[in-house]
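Engineer: Here it is, the structure, as structure tokens.
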Amino acid sequence: MSQSPAPHVLHVTGARPNFPKAAPVIRALDGLGVRQVLVHTGQHYDPVMSEVFFQQLGLPEPDVNLGVGSGSHAHQTAKVMTELEDMFVAERPDLVVVYGDVNSTVAASLVAAKLQIPVAHVEAGLRSFDRTMPEEVNRIVTDSLADLLFTTSPDANVHLGSEGVAADKIHFVGNPMIDTLLANLDAFDADAARAQLGLEGPYVVATLHRPANVDDPAQAGSIVKALHGVADRTPVVIPLHPRGRKSFQSAGLMDHPAIQVIDPLGYVEFIGLVRGSLAVITDSGGVQEETTMLAVPCLTLRPNTERPVTITHGTNQLVTQHDLADRLESIIDGTRTSDGVTPPLWDGHAGERIAAVIVRFLAR
Ligand code: UD1
Ligand code: UDP
């Protein structure tokens, strides 16, 4: 009697925030001897947005890079879908694992679901309740198709329950992005980051890339004005995401002598810089979580967050460009500090919990 081949898992990654989430899951599955295939869609392709994460996080080389590159939502999503369909048909994985809320995530989920290949969604159930965010649409669609939903915070379980997802599909496992942070803590060197950039005293780090903040020239202009206001008080370092380059440059971001705009940093260098900072100004999802763990004050330049646990258990607060300088002032005065309580299960073992559930699923 011929034996059927061992079941295997196919991971789909593509954009910067996917990589620190996938690394601990891949490592833990590897430890359990599971056969794995790693696909990079090529949604992000600059070496500083992609390759550096593979070097620093011990991720295996992708088995395939689809090279889809940039494009409008429909073009990018469709390109990932058509490329993946051929791959999934040939490869026939037993489970497709997708991460976060980017276009590559939703594209892979749609293709797998139509081919009746089960989907696992890592970081399921987060909701901003703001459908003007493209990520919110990606989250809702992906969760509605997933067979295994791995959540990072209890609120995500509540959202999924209220959307009718069966309880036995939902697994509260903690946060694999935080696994990566904790595994690399010794490597984050604030002094090296400071020396590298010639920073002597306190400084603030800013990272902005949400379409709502960077695409519209008027909004970008208003944010640049607010950042100049912050820089009047404290130097600001901005590892600028490529999406904001044009609009922020046109709005005169670099014209302030205390603003240092640099290319995106590698993960280790970036968190080193964040670790030594007075505060972070951001609209990034992952950075809200990382600052919570590092107890670095985080000012999130957004009207909402799909990560409320970083406010209730962390250092995060929502701000507008109009109250940014005042909020920073209260951090400098020391009126806002972290109480050191971290969100439940953000303990460095989410990848192992995810791997254990996947192995049980494959053995069904
Ligand atoms: C994407 C995700 C967003 C995530 C972000 C993380 C979607 C819908 N959005 O947004 O959720 O927070 O990644 O960084 O999936 N570009 C480069 N080099 C690159 C990649 C992009 O220059 O390596 C430029 C291109 O001009 C491109 C633009 O950035 O058009 C936007 O890239 P894209 O992947 O479409 O969306 P992000 O804004 O990066
Ligand atoms: N990051 C990085 N270098 C930078 C800016 C961010 O390595 O210059 C890391 C950050 O620490 C986090 C991830 O990129 O791990 C978050 O990605 P991003 O902000 O692009 O996406 P989001 O989390 O908003 O989806």
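Taken together, the values in this text are just the output of simple stated rules run on the coordinates, not laboratory data. Please read these numbers as outputs of a predicted model, since none were measured by experiment. Note that we place each Cβ from the backbone using ideal geometry, even for glycine, and neighbour counts take in every protein chain shown.
Engineer: Which whole-Hz ³J(HN,Hα) couplings does the stretch 316-322 yield from phi under the Karplus relation 6.51 cos²θ - 1.76 cosθ + 1.60, θ = phi - 60°, glycine and proline marked x?
Structural biologist: Result, ordered by residue: 8, 9, 7, 9, 10, 5, 7 Hz.
Engineer: Enumerate the calculated ³J(HN,Hα) couplings along the stretch 130-143 in order (Karplus 6.51 cos²θ - 1.76 cosθ + 1.60, θ = phi - 60°), each rounded to whole Hz, writing x wherever the residue is Gly or Pro.
Structural biologist: Residue by residue, the stretch 130-143 yields 10, 7, 6, 7, x, 5, 5, 5, 4, 5, 5, 5, 4, 5 Hz.
Engineer: Sorted from fewest to most neighbouring beta carbons within 10 Å, what does the list His171, His322 look like? All intermediate terms of the calculation are to be shown ahead of the outcome.
Structural biologist: On the way: His171 18, His322 11.
Going from least to most buried by this count: His322, His171.
Engineer: Amide H neighbours of Ile262 under 5 Å, at least 5 residues apart or on other chains, H built in the peptide plane: list them.
Structural biologist: Sorted by chain and number, the residues that satisfy this are Ile238, Leu240.
Engineer: Distance between the C-alpha centers of the stretch 276-320 and the stretch 106-179? Whole Å please.
Structural biologist: Here the two parts' Cα centres lie 22 Å apart.
Engineer: Taking the Cα atoms only, what angle lies between the long axis of helix 18-31 and the longest principal axis of the chain, rounded to 10 degrees?
Structural biologist: Around 40 degrees separate the two axes.
Engineer: Enumerate the amide H contacts of His8 below 5 Å, restricted to partners 5 or more residues apart or on another chain; note that Pro and chain-start residues carry no placed amide H.
Structural biologist: Asp94, Leu95
Engineer: Going Cα to Cα from Lys246, which aspartates and glutamates come in below 17 Å? Please leave out same-chain ones fewer than 8 positions away.
Structural biologist: The reachable aspartates and glutamates, counting only those whose Cα sits under 17 Å from Lys246, are Asp46, Asp215, Asp216, Asp255, Asp263.
Engineer: Where a ≥ b ≥ c are the square roots of the eigenvalues of the C-alpha gyration tensor, would you call the stretch 170-315 rounded, which needs a/c under 1.5, or, failing that, prolate if a/b is larger than b/c, or oblate? Before the final figure, lay out the partial values.
Structural biologist: Numbers: a/c = 1.92, a/b = 1.26, b/c = 1.52.
Oblate, because a/c is 1.5 or more while a/b does not exceed b/c.
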